[in-house]
């Protein structure tokens, strides 16, 4: 069922492209006068969405390289048409679903979400997408299923980053079924009303806004319903640093850095850090973890 | 010979040129950061660019002695300036982290004692302080042979700097390992025993 969640960040928060561009020009001009520090706090508290340029030029998508700008540079080679998603495991209707077939069945809506990377930076992103719950219902989740496993495309000839053993490829992620069915959890297919750029995980990716960004797996080719907790890439690489849940939590630090605050992308050189919110500000998911020790299940 | 021509050319380069060129990067990055040239996360870019540049200069500094010994290329007169520029870049790197990135004093201290990669980076920085302080003719004269001993602190500082870089990357990444390997090779070359009264050795070394 679509439209189960209402944006708390509204259209009015979206910086129009034109305004953004003129702001940049203003900033450049001001910088030229050596007064740029005055131009820094343009984006109040990081609550208005980041620009198209920010969202599409600063990505972690290690299949295209580990630098933040590598995906924008290298992901152009990715073929996203045709695209099929294999849905299998504990479902009534397993099979290969084409992207077009999925899009015909789903209701795409706009979701403006905060996005918090485990590296302690954040953005606000106006996604277009559909609820994952709707897709799972289409496939028919069987009663014993407890988890959802996801897999990213593995195509070395188009993904230069796969040459390096940064992670155990292909990238895999997972959610508990109740997390997957939550109305906040979406499969994003677009950005600012346009199709999702390759570097952001085209043609469809997961977005779980209350978890660290790496949970929101990109360019998904397989979704499996399972009874056991599936392995997840960063957890396999370093379980001490990256847990299965990886909920945004200012009180549980990453072993190598604090998670109490974040740098909101777009504030420029002199922006103040802002406090990180529990569940990235999405308190409505707290019930999913009632009674769990979140410092143990990080 | 090529080496002779290179050495002749190097003799004509004034040392102040190294200081001048070395002083520029932080200002250049500041300019880029203010005008959008460092991408959408200028703080991290600046922090990382300065750190990597400092590590590259550590390598250049460590290469001076082996270059002279094994290749006959004489950069000795630039060694102090290379070292001091390296220290200056490390200080700028540290300042970006303190002032623009972490910002919060209590958290800075917590990071230094709690986070191994920051602890290691800070140790490397602290090891460099006496080196920078004694990089002048007066100290060389006053300390005598102890000066050479003291300045061997650059070896652990270099290794710690490379480890600092390795630890802050996510997953298994090759680039920081390359830095550590180069530093290890440059330090390893120093273990090769010198022939007594070898031709490459001169009294002017300091």
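For the reader, a short list of remarks on this structure follows.
- Scanning the stretch A:261-298 for residues that are in contact with a strand residue (DSSP E or B) (Cβ under 7 Å, 6 or more places away or on another chain) and free of Cβ contacts under 8 Å to residues at least 40 places away in the same chain turns up A:273, A:275.
- Residues (touching a strand residue (DSSP E or B) at 6+ places or on another chain (Cβ under 9 Å), at pLDDT 95 or above and in a loop (DSSP other than H, G, I, E, B)) located in the stretch A:236-246: A:242, A:244, A:245, A:246
- Test result for residue A:137, away from chain B (no Cβ under 14 Å) and more than 19 Å from the chain's Cα centre (by Cα): yes
- Screening the candidates A:184, A:167 for the property of being assigned to a loop (DSSP other than H, G, I, E, B), touching a residue at least 60 places away in the same chain (Cβ under 8 Å), surrounded by fewer than 23 Cβ atoms within 10 Å (Cβ to Cβ) and within 14 Å of another protein chain (Cβ to nearest Cβ) yields one hit, A:167.
- For the stretch B:17-46, a tally of residues being in contact (Cβ under 8 Å) with a residue 24 or more places away in the chain and either surrounded by 22 or more Cβ atoms within 10 Å (Cβ to Cβ) or more than 18 Å from residue B:88 (Cβ to Cβ) (or both) returns 3.
- Filter result for residue A:203 (assigned to a loop (DSSP other than H, G, I, E, B), under 30 Å from residue A:253 (Cα atoms) and touching a residue at least 12 places away in the same chain (Cβ under 8 Å)): no
- Number of the exception - residue A:249 against (1) in contact with a strand residue (DSSP E or B) (Cβ under 8 Å, 6 or more places away or on another chain); (2) away from chain B (no Cβ under 12 Å): (1)
- In the stretch B:85-117, the residues that are crowded, with 18+ Cβ neighbours inside 10 Å and either free of Cβ contacts under 8 Å to residues at least 12 places away in the same chain or outside any helix (DSSP H, G or I) (or both): B:102, B:111, B:115
- Candidate set from the stretch A:265-284 (those that are part of a loop (DSSP other than H, G, I, E, B) and away from chain B (no Cβ under 14 Å)); member that is surrounded by the fewest Cβ atoms within 10 Å (Cβ to Cβ): A:277
- For the stretch A:47-72, filtered to residues that are at the interface with chain B (Cβ under 10 Å from one of its Cβ atoms) and in contact with a strand residue (DSSP E or B) (Cβ under 9 Å, 6 or more places away or on another chain), the residue that is farthest from residue A:161 (Cα to Cα) is A:50.
- Taking the stretch A:67-163 as the region of interest, the strands (runs of 3 or more DSSP E) fully inside it that hold 3 or more residues being buried (at least 19 other Cβ atoms within 10 Å of the Cβ) are A:84-89, A:109-116, A:121-131, A:147-152.
- Out of A:237, A:260, sole residue that is within 11 Å of chain B (Cβ to nearest Cβ) and closer than 30 Å to residue A:162 by Cβ: A:237
- Any hit, the stretch A:35-47, residues being modelled with pLDDT of 50 or more and surrounded by fewer than 20 Cβ atoms within 10 Å (Cβ to Cβ): yes
The values are calculated or read from the model by the stated rules, or taken from the named source; none is laboratory data. Computed from a predicted structure; not experimentally measured. For neighbour counting, all protein chains shown are included, and Cβ atoms are generated from backbone atoms with ideal geometry for every residue, glycine included.
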